[in-house]
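Trainee: Submitted below is the structure of interest, expressed as structure tokens.
We did not get these values from a lab; they are worked out from the coordinates using the rules stated. No experiment lies behind these values; they were computed from the predicted model shown. When we count neighbours, we look across all protein chains shown, and the Cβ atoms used for this are built from the backbone with ideal geometry, even at glycine.
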Number of protein chains: 2
Amino acid sequence: MISREKHDRMANAIRFLSMDAVEKANSGHPGLPMGAADIATVLFTRFMTFDPKAPSWPNRDRFVLSAGHGSMLLYSLLYLTGYEDITIDEIKNFRQLGAKTAGHPEYGHAAGIETTTGPLGQGIANAVGMAIAERKLRDEFGSDLMEHYTYVLAGDGCLMEGISQEAIALAGHLKLNKLIVFWDDNNISIDGPISIADSTDQHARFRASQWNTIAVDGHDPDAIAAAVEQAQKSDKPTMIACKTVIGWGAPNKAGTHKVHGSPLGADEIAATRKALNWDAEAFSVPSDVLDAWRLAGLRSTKAHKEWQERLEKADPEKKAQFVRRFAGDLESGLDSAISAYKKKLAETRPNPATRKASEDALEVINGVLKETIGGSADLTGSNNTKTSQTASITPDDFSGRYIHYGVREHGMAAAMNGMALHGGLIPYSGGFLIFSDYCRPSIRLAALMGIRVIHVLTHDSIGLGEDGPTHQPVEQMAALRAIPNLMMFRPADATETAECWQLALEHKDRPSGIALTRQNLMAVRTEFEEENLCAKGAYDLISSADAQVTIFATGSEVEIAVKAHEALTAKGISTRVVSVPCFELFYEQPEAYQKAIIGNSPVKIAVEAGIRQGWDHIIGSDGTFIGMSSFGASGPYKELYKHFGITPEAVVAAAEAKLG
Amino acid sequence: MISREKHDRMANAIRFLSMDAVEKANSGHPGLPMGAADIATVLFTRFMTFDPKAPSWPNRDRFVLSAGHGSMLLYSLLYLTGYEDITIDEIKNFRQLGAKTAGHPEYGHAAGIETTTGPLGQGIANAVGMAIAERKLRDEFGSDLMEHYTYVLAGDGCLMEGISQEAIALAGHLKLNKLIVFWDDNNISIDGPISIADSTDQHARFRASQWNTIAVDGHDPDAIAAAVEQAQKSDKPTMIACKTVIGWGAPNKAGTHKVHGSPLGADEIAATRKALNWDAEAFSVPSDVLDAWRLAGLRSTKAHKEWQERLEKADPEKKAQFVRRFAGDLESGLDSAISAYKKKLAETRPNPATRKASEDALEVINGVLKETIGGSADLTGSNNTKTSQTASITPDDFSGRYIHYGVREHGMAAAMNGMALHGGLIPYSGGFLIFSDYCRPSIRLAALMGIRVIHVLTHDSIGLGEDGPTHQPVEQMAALRAIPNLMMFRPADATETAECWQLALEHKDRPSGIALTRQNLMAVRTEFEEENLCAKGAYDLISSADAQVTIFATGSEVEIAVKAHEALTAKGISTRVVSVPCFELFYEQPEAYQKAIIGNSPVKIAVEAGIRQGWDHIIGSDGTFIGMSSFGASGPYKELYKHFGITPEAVVAAAEAKLG
């Protein structure tokens, strides 16, 4: 048991590391780490099951700092409890180029950072995904191998963001009772007291979403501990409102928004040292305090060892499955299953909508991979994301593999990030491509973190027809292609759809989006190829030496390109067709390949039922683009294609005009 | 007083028009109009103050169909009450290309459509903005000219979207008691019963956000009316939970998700006709029913006339201000004020960050235009959006002109749309450019609707420094430029900032974003020019006949281009610098102007601290781009610029390399 005096000194170590690091960087947020130091100290010295020597132990408790601007809280904890990555030099190097201690916690920079946070509300929603993963894997592998808590520290900013409501509602609905959120209830926002912008009764709000809530003094360690104990017994997720003073300990600035996001200044730091009776120099932690923290870091060594023994003794198949899945590796049988499926497609040449083709591909994939976990933001029948293997998960039964996320695209995407970060699962979503706009911040974070989440994005153009411009993506492909590290696929038929799925699964360190049609498409890949032709991002679908015209197209417009090719060929104009299912993969090919694919036809035409932005790099600024330059319209889709001039005839006319 | 029997027949007219139109279109959503017909009938026959013959009457009540998929409810109401735009032929033409009756209600297609809805949650958040506008203008112009209700019909989907929480919390905080939301509480989502995805106690949730809530049978007209009367007396916004049966009246499909988004089919329609004792043919409304509806449409004629008389009698200056602002015209004094300000800038050549320059420009603008209403998503000090004229609005005092939106970017952007749609105000926001991702759906809708909202987007690149990649925009400029009709500005110094503000204000039929730096920038515009040089989107900042090198740049990178120009000139290499503050305006210039600006230098270089996407059209795919190709990093900004190679030296080196 840690005495109150020792607790205070341990918490103050966080405070001084934080204020000193911010001061040295002359940039950062001391207020949260100082205010929440007591909460974090209680959590990490009395509750957290974690092993700093084995940070990726799958059964560790997860701690998510949703209020990511308070990054020094996390870095202090990681340093103090003995994570190798975060040395005192890293702390001194806070917010400097190349440091592991970036301005906001960056997943992958150092072990112990469970997720990248900073954009508010994301962390709490990631944590919901982690808690879903824990609950799902506990059901699958048993409590022997998987049973842990997910803790979150969230601020007022997190709770004001709409995504938090989606996350809270989902967690309450699913009864994720091992999710415990500390709300750093400090009454302060950047603009001033919270009361200038918010009058929410957070307890009532969380309870309305079926949460348990508790209120405590966030500077009373025993009260915090009692609350956590109570939370652990709840059959609901719990929000512990911790009344704190932002910048606690700073005699003149504590409790004001001045301490939120600026260094305290030398005078105030000196005054804080005096007030808290802290003699140690900057970046120096008294040895008794460091020892106590390092001891706290050893709390779960035994638990970890026992877990490891249980894993070793587990049924070999179960163990292998568990280990493989946490390594992020795929089943070896996947490739042959997809190959067999492609062979069948080449024989039958079906013409489904690619959303249906995606369902068919998923039927194969979900049969091989037990770790896929699907879902939809209330568009299951439209997204075709549910297969025979994926029964629905319900609050009381997690044996299924499908989540009805509700109309909550943002919460869905962030929860998927949490599942991927947790490990053991490969989450895929279901939504309309247009609503990628609703979850863009989470998709971006997946790309930044380099994690495997797969977004099934159907109804990918004016091809959706009557629902009109509010539902018709026009700029979404370009906008998503703009996100670094995200693979955006737009397959042209059932075969390409299977190949794109395969690629999305194979890349374990990046997210994907797969844009799919509502409308049926003819098979453009008619011969069986063992090779995944989509893997290079673009490839010759129809070759032609010395082509006068090259037509580049994606998705539903490849069919148009193929038809235009036929017409042009009939007119004696040699024409090549390049399918471009993935810009990102194409631009990662050797320059020679890119040049060869782009080729040197005198006439280059791109066809895509979206905007031109991004295509000039392939067709040149003097190339012809056949697509959209405005929002869409409501009407039957075949009429829309004609109305907007995206037809084989338009391609042929453009080619002839250019050839003169 | 309308008898119950008459009420039922009037409501059934909505039901049959809706199901018949969906059937004819073979596409659409009959469930909501049939379920909510009673609510709408009560509202439009007993409460709504509106004049179908003068749909833009500023003091009308606003009705927002947040559940936009139920568009036939709105079209039916507009037809029945006598709006000229919606004829029976338009109803028959539902969801056809060119019809005013698009799949979802499209603002601008027909009078009476107050906002474009369909993307869920947007409408309720627009309505919050409308209610803010009403409250603000009531304070300013008095109840004689402005006092009305804003009514919303929202479904479960709207309430599941996170944006609804932001909107609800803001409305509750601001005590918008003239906002009345009908929740179409039908227990059904697309995937099945709501219970598969949600367990929220909506009453408790709304009350937690300081709303009044009432529960009624949504098919009992008197109960609905009593609830509205009670709501009108409340000092808080009110949510009326109307328990309804989706697809009410359809004997076999009512109450199931089958009736949500598909035609009922001929058999079910026939059965419904029988069950509801409705003899009239499709698209034919019995004359007694149509007469009753047209009478309802005349309910406010007198009120409108009286209001018009009050306006005529009002103080001439007040009247002129009111009329001008609702016409969306600017004060004539604006141009000269901006001109004088630009003259001063040319004399003093200050080097502020453009976010500060924006504040200075706003100080001028807000002094001239009383209709600007600013705000920030809790970043006021960073966004520099508050000027001497804009005191904060508080729940009890709307005399100010500044809204503390809280950390609610999405709710802010949607509320701004609502204010712009309401008329009388020009809303501008404050946020970080990176968080445009959080409110992208609302920005898109502003562009689709063609309304004037202005987004101040600061901290627009790696130039923000230590906060790191979660906060550093890289792809945001490209992603926003991708949205049709949105003007994205990135001014290079204080003068360009003033010019971009002027352009944003002058375009009353489109939204703008202004990307601004955190860091100081040198003045690149050193001579006074009466003409707004930014108006053409791109212009010669430094001309050079027969330039060997042309450098194109935006925002903070124009300074880099100018410095590179100096270095290259010193080396005897003739160099031109083009500032490109707005792609959209540039591409709207005559082709000759575009060609002249792009020019024919052998070497073309673009410099922008963002991604290349979109630049190839200007520099060609063989042009040199100096910018970002990955996410950013945490560190002091000057180091980041060096690290990512965005420097004058890099531009010079690239130019020399190309020249060989």
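Trainee: Normalised by the number of residues in the range A:537-659, what is the relative contact order in percent for Cα pairs under 8 Å and 6+ residues apart?
Mentor: 28 percent
Trainee: Moving on. Within 10 Å of each Cβ in peptide A:84-95, how many partner chain Cβ atoms are there on average? Round it to a whole number, please.
Mentor: Values: counts 0, 0, 0, 0, 0, 0, 0, 0, 0, 1, 2, 7.
Across A:84-95, the average partner-chain Cβ count within 10 Å equals 1.
Trainee: Would you kindly work out, in nm and rounded to one decimal, the distances from the label point of A:LYS6 to those of the same position in each other copy, ordered shortest first, with label points 7 Å along Cα-to-Cβ?
Mentor: Taking the point 7 Å beyond Cα along Cα→Cβ, the inter-copy spacings are 8.3 nm.
Trainee: Counting other beta carbons within 10 Å of each Cβ, put B:GLU639, A:GLU281 in order, fewest first. It would help to have the intermediate numbers written out before the result.
Mentor: Numbers: B:GLU639 15, A:GLU281 10.
Fewest to most other Cβ atoms nearby, the residues stand as A:GLU281, B:GLU639.
Trainee: Let me ask you something else. By how many degrees, between 0 and 90 and to the nearest 10, does the Cα long axis of helix B:334-348 differ from the longest principal axis of chain B?
Mentor: 30 degrees
Trainee: Put a point 7 Å out from Cα along the line to Cβ at A:TYR587; what are the distances to that point in the other copies, in nm, shortest first?
Mentor: 1.7
Trainee: Return the average number of partner chain Cβ atoms within 10 angstrom of each residue Cβ along peptide B:455-468.
Mentor: Working: counts 0, 0, 0, 0, 0, 0, 0, 0, 0, 1, 4, 12, 12, 12.
Average neighbour count from other chains, rounded to a whole number: 3.
Trainee: To continue, here is another question. Among the lysines, which have Cα under 21 Å from the Cα of A:LYS136 when same-chain residues fewer than 8 positions away are ignored?
Mentor: Result set, ordered by chain and number: A:LYS175, A:LYS178, A:LYS233, A:LYS236, A:LYS318, A:LYS319, A:LYS370, A:LYS386, A:LYS508.
Trainee: Given a Förster radius of 22 Å and the C-beta distance between B:ASP397 and B:LYS370 as r, what FRET efficiency does 1/(1 + (r/R0)^6) yield to the nearest 0.05?
Mentor: 0.85
Trainee: How high is the FRET efficiency between A:LEU298 and A:ALA275 when r is their beta carbon distance and R₀ equals 25 Å, given to the nearest 0.05?
Mentor: On the way: r = 32 Å, r/R0 = 1.26.
That pair, A:LEU298 with A:ALA275, gives E of 0.20.
Trainee: For the pair B:THR256/B:MET1, report the inter-label distance in nm, with labels modelled 7 Å from Cα in the Cβ direction.
Mentor: In this crude spin-label approximation the distance works out to 4.0 nm.
Trainee: At a 10 Å Cβ-Cβ cut-off, how would you order B:THR554, A:THR575, fewest neighbours first?
Mentor: So the residues, fewest neighbours to most, are A:THR575, B:THR554.
Trainee: A follow-up question, please. Taking just the alpha carbons, could you work out the radius of gyration and Dmax for chain A, both in angstroms?
Mentor: Every Cα atom of chain A included, Rg and Dmax give 27.3, 90 Å.
Trainee: Further, regarding this structure: How large is the Kirkwood hydrodynamic radius of the range A:450-512, counting all unique pairs of alpha carbons, in Å?
Mentor: 12.8 Å
Trainee: Label points 7 Å out from Cα along the Cβ direction at A:ASP315 and A:ALA54: separation in nm?
Mentor: Result: 2.3 nm between the two label points.
Trainee: Whole Å is fine, so just give me how far the alpha carbon centre of the range A:274-296 lies from that of the range A:406-465.
Mentor: So the separation of the two Cα centres works out to 43 Å.
Trainee: Let me ask something additional. Take the Cα gyration tensor of the protein assembly as shown, multiply each eigenvalue by 5, square-root it, and list the three semi-axes largest first, rounded to whole angstrom.
Mentor: Three semi-axes, in Å: 43, 39, 36.
Trainee: Name all residues of the range A:150-182 having a backbone nitrogen under 18 Å from the label point set 7 Å from the Cα of A:ASP220 along its Cα→Cβ direction, giving them as ranges.
Mentor: Label zone hits: A:182.
Trainee: Here is a follow-up. List the distances, in nm and shortest first, from the label point of A:SER262 to the matching label points in every other copy, placing each point 7 Å from Cα along the Cα-to-Cβ direction.
Mentor: 6.2
Trainee: Can I ask one more? Taking each residue of A:150-160 in turn, how many C-beta atoms of other protein chains fall within 10 Å of its C-beta, and what is the average?
Mentor: 2
Trainee: Below 18 Å, Cα to Cα, which lysines can A:LYS253 reach? Residues fewer than 8 away in the same chain don't count.
Mentor: Cα-Cα hits under 18 Å: A:LYS243, A:LYS274.
Trainee: Quote the relative contact order of chain B in percent (integer), defining contacts as alpha-carbon pairs under 8 Å separated by 6+ residues.
Mentor: Reported relative contact order: 12 percent.
Trainee: Still on this structure, I have one more. Can you tell me which of A:265-273, B:116-124 comes out highest on packing, and rank the rest after it, using the mean Cβ neighbours within 10 Å?
Mentor: B:116-124, A:265-273
Trainee: Going by average Cβ density within 10 Å per residue, which order do the peptides B:598-611, B:397-410, A:189-202 take, highest to lowest?
Mentor: B:397-410, B:598-611, A:189-202
Trainee: Taking Cα atoms, how many degrees apart are the long axis of helix A:4-25 and the longest axis of chain A, rounded to 10 and kept between 0 and 90?
Mentor: Between the helix axis and the principal axis of chain A, the angle is about 50 degrees.
Trainee: Okay, next question. Based on the Cβ-Cβ distance of B:ALA535 and A:THR569, what FRET efficiency does E = 1/(1 + (r/R0)^6) give at R0 = 60 Å, to the nearest 0.05?
Mentor: The value I calculate is 0.80.
Trainee: Using Cα positions and a limit of under 16 Å, work out the aspartates and glutamates in reach of B:LYS6, with same-chain residues fewer than 8 apart set aside.
Mentor: Answer for B:LYS6, where 16 Å is the Cα cut-off: B:ASP38, B:ASP220, B:ASP222, B:ASP279, B:ASP288, B:ASP291, listed by chain and number.
Trainee: List A:TYR149, B:TYR75, B:TYR593, A:TYR428 from most exposed to least, where exposure is judged by having the fewest other Cβ atoms within 10 Å.
Mentor: The order, fewest Cβ neighbours first, is B:TYR593, A:TYR149, A:TYR428, B:TYR75.
Trainee: Ok, one more. With axes computed from alpha carbons, what is the tilt in degrees of helix B:122-141 against the longest principal axis of chain B, rounded to the nearest 10 within 0 to 90?
Mentor: The helix B:122-141 is inclined about 80 degrees to chain B.
Trainee: Might you report the magnitude of the Cβ-based charge dipole of the range A:403-510 about its Cα centre, with Lys and Arg at +1 and Asp and Glu at -1, to the nearest 20 debye?
Mentor: 480 debye
Trainee: Suppose a student asked you for the relative contact order of the range B:444-493, using Cα pairs under 8 Å spaced at least 6 residues apart; what percent would you report?
Mentor: On the way: 32 pairs, mean separation 17.3, N = 50.
With pairs under 8 Å counted, the relative contact order is 35 percent.
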